[in-house]
Amino acid sequence: AIASERAVSMEGQPLSALSSPALVVDMDKVKRNTQRMIERCQALGVQLRPHMKTHKTLECADLMTAGSRRCIVVSTMAEACFYADHGFDDIIYAYSLPFDKIERCAALSEKLDLFQVLLDHHEALQQLKRRPLKDGRLWHVWLKLDCGNGRAGVLHSEPEALSLAQAIAGTEGVELTGIYAHCGNTYSCTGVEQIQAVAQETTSCVLQFMEKLKAIGITCKSSIGSTPSCSHPVQDMSKLSEVHPGNYIFYDVQQSMIGSCSLEDVAVRVLTRVIGHCPQRDQLLIDCGWSAISLDGAGRLPTGYAIIEGHPDLKLSSMTQEHGRLEPISGHL
């Protein structure tokens, strides 16, 4: 609400009136990006469950859910509580269940119609068994599957994956709600063909696992996600229950390099100011470091860590927490 009030107070003012660094959002592009993803998922026949971690705002969440305030993903308890406090429901806390947060997860499970958690090992299941929910409510659990991303999740090909799914499904007070996989390895791709190859591999792994579950009498939902894979979905994704992208609301330069979008789709800019001239180093100092831009992308662009709009001859060569160093790509300033 505070952010919204500040935005309203700046209405009609030029960008130069903003304090820097500032994130500037093109709402027309945001609306276009969200509508495209909604239509893409409708065409596939899958439920869109958008991730909130990119923006963490009510305004964008309303656009991503088409005003329903239902069916979202979060990555922190702070996000979960924020959205729950503002009338959102059917929330997945998409982070391998930390034991110190079980009480807070229980509170949300007892407050909301549907709050869901992820787990990927037996001890987490034991922790849920030790904390039964009130009023006969069930823990709604998604099994996190690693389908090649190499981060969290039980490896899809390991016997433990199937045994853990069976254990969840057979535990009193717990429901196996679904199988959840993140194809974050699409972020190493370049071009639509590579993106779709990873999306196909992840989808196939999940669908094959679903067949194994079906063979032993277990049915549940299935979900994969990442902005690259959901921006260029493969047809087999229509056999899934849900997809869970998030970054697509804004997109960014990294996404354009991967092939998820074009630069025209990128809906955000970071406003910065020159705060120092360093002729001895052929550099300009700006008030925008990694706390404003982040270090994602690792400076792989010809222009360094970012594109300097209107100045293709400059590169953001390095950053500290609050400072950035601009220098010419060639020649002198």
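The values are calculated or read from the model by the stated rules, or taken from the named source; none is laboratory data. Note that the coordinates shown come from a computational prediction; the quantities given were computed from them, not determined experimentally. Methodologically, a virtual Cβ is constructed for each residue, glycine included, from the backbone with ideal geometry; neighbour enumeration extends over all protein chains shown.
Working carefully through the options GLY148, GLY173, find the one that is under 20 Å from HIS244 (Cβ atoms) and small (Gly, Ala, Ser).
GLY148
Please state which of the following conditions ALA267 fails to meet, knowing it meets all the rest: (1) assigned by TED's automatic domain parsing to the domain that holds GLN35; (2) touching a residue at least 12 places away in the same chain (Cβ under 8 Å).
So ALA267 meets the others, but not (1).
Within segment 140-149, does at least one residue satisfy the condition of being in a loop (DSSP other than H, G, I, E, B), within 22 Å of the chain's Cα centre (by Cα) and either small (Gly, Ala, Ser) or farther than 30 Å from CYS189 by Cβ (or both)?
Initial filter on segment 140-149 (in a loop (DSSP other than H, G, I, E, B)): 147-149.
If we keep only those that are within 22 Å of the chain's Cα centre (by Cα) too, we end up with 147-149.
Next, only the ones that are either small (Gly, Ala, Ser) or farther than 30 Å from CYS189 by Cβ (or both) stay: 148.
Scanning segment 140-149, I find at least one residue that is in a loop (DSSP other than H, G, I, E, B), within 22 Å of the chain's Cα centre (by Cα) and either small (Gly, Ala, Ser) or farther than 30 Å from CYS189 by Cβ (or both), so the answer is yes.
In segment 185-195, what residues are without any contact (Cβ under 8 Å) to a residue 60 or more places away in the chain and closer than 14 Å to VAL243 by Cβ?
Within segment 185-195, the subset without any contact (Cβ under 8 Å) to a residue 60 or more places away in the chain is 185, 188, 193.
The answer is none; no residue qualifies.
Pull up segment 112-136, narrow it to residues that are under 27 Å from ILE224 (Cβ atoms) and among the acidic types (Asp, Glu), then point me to the one that is surrounded by the most Cβ atoms within 10 Å (Cβ to Cβ).
In this case the residue turns out to be ASP120.
Do we have HIS156 as on the phi < 0 side of the Ramachandran plot, at pLDDT 95 or above and either among the aromatic types (Phe, Trp, Tyr) or surrounded by 15 or more Cβ atoms within 10 Å (Cβ to Cβ) (or both) here?
Taking the combined requirement at face value, the residue does not satisfy it.
For segment 1-93, please list each of the helices (runs of 4 or more DSSP H) lying entirely inside it that holds at least 3 residues being farther than 22 Å from SER291 by Cα and in contact (Cβ under 8 Å) with a residue 40 or more places away in the chain.
27-44, 58-64
Scan segment 137-152 residue by residue and report those that are touching a His at 6+ places or on another chain (Cβ under 9 Å), surrounded by fewer than 22 Cβ atoms within 10 Å (Cβ to Cβ) and under 27 Å from ASP113 (Cβ atoms).
ALA152
Looking for something surrounded by fewer than 24 Cβ atoms within 10 Å (Cβ to Cβ), within 25 Å of THR177 (Cα to Cα), in contact with a strand residue (DSSP E or B) (Cβ under 6 Å, 6 or more places away or on another chain) and not small (Gly, Ala, Ser) - is there at least one such residue anywhere in segment 219-234?
There is at least one residue in segment 219-234 that is surrounded by fewer than 24 Cβ atoms within 10 Å (Cβ to Cβ), within 25 Å of THR177 (Cα to Cα), in contact with a strand residue (DSSP E or B) (Cβ under 6 Å, 6 or more places away or on another chain) and not small (Gly, Ala, Ser).
Please state which one of GLU172, GLU193, GLU201 is more than 17 Å from ALA94 (Cα to Cα), among the acidic types (Asp, Glu) and outside any helix (DSSP H, G or I).
One residue alone meets the criteria, GLU172.
Kindly establish whether VAL243 is more than 30 Å from ALA167 (Cβ to Cβ) and of a type in the set (Val, Ile, Thr).
Considered against the rule, which asks whether it is more than 30 Å from ALA167 (Cβ to Cβ) and of a type in the set (Val, Ile, Thr), VAL243 comes out as no.
Okay, residues lined up against (1) of a type outside the set (Gly, Ala, Ser); (2) outside the structural domain of CYS183 (by TED's automatic domain parsing); (3) buried (at least 17 other Cβ atoms within 10 Å of the Cβ):
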{"position": "GLN35", "(1), (2), (3)": "yes, no, no"}
{"position": "GLU59", "(1), (2), (3)": "yes, no, no"}
{"position": "ASP62", "(1), (2), (3)": "yes, no, no"}
{"position": "GLY67", "(1), (2), (3)": "no, no, no"}
{"position": "VAL74", "(1), (2), (3)": "yes, no, yes"}
{"position": "PHE82", "(1), (2), (3)": "yes, no, yes"}
{"position": "ASP100", "(1), (2), (3)": "yes, no, no"}
{"position": "SER109", "(1), (2), (3)": "no, no, yes"}
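For segment 150-169, give me each residue that is not hydroxyl-bearing (Ser, Thr, Tyr) and not in a helix (DSSP H, G or I).
If the condition is that a residue be not hydroxyl-bearing (Ser, Thr, Tyr) and not in a helix (DSSP H, G or I), then GLY150, ARG151, ALA152, GLY153, VAL154, LEU155, HIS156, GLU158 are the ones that fit.
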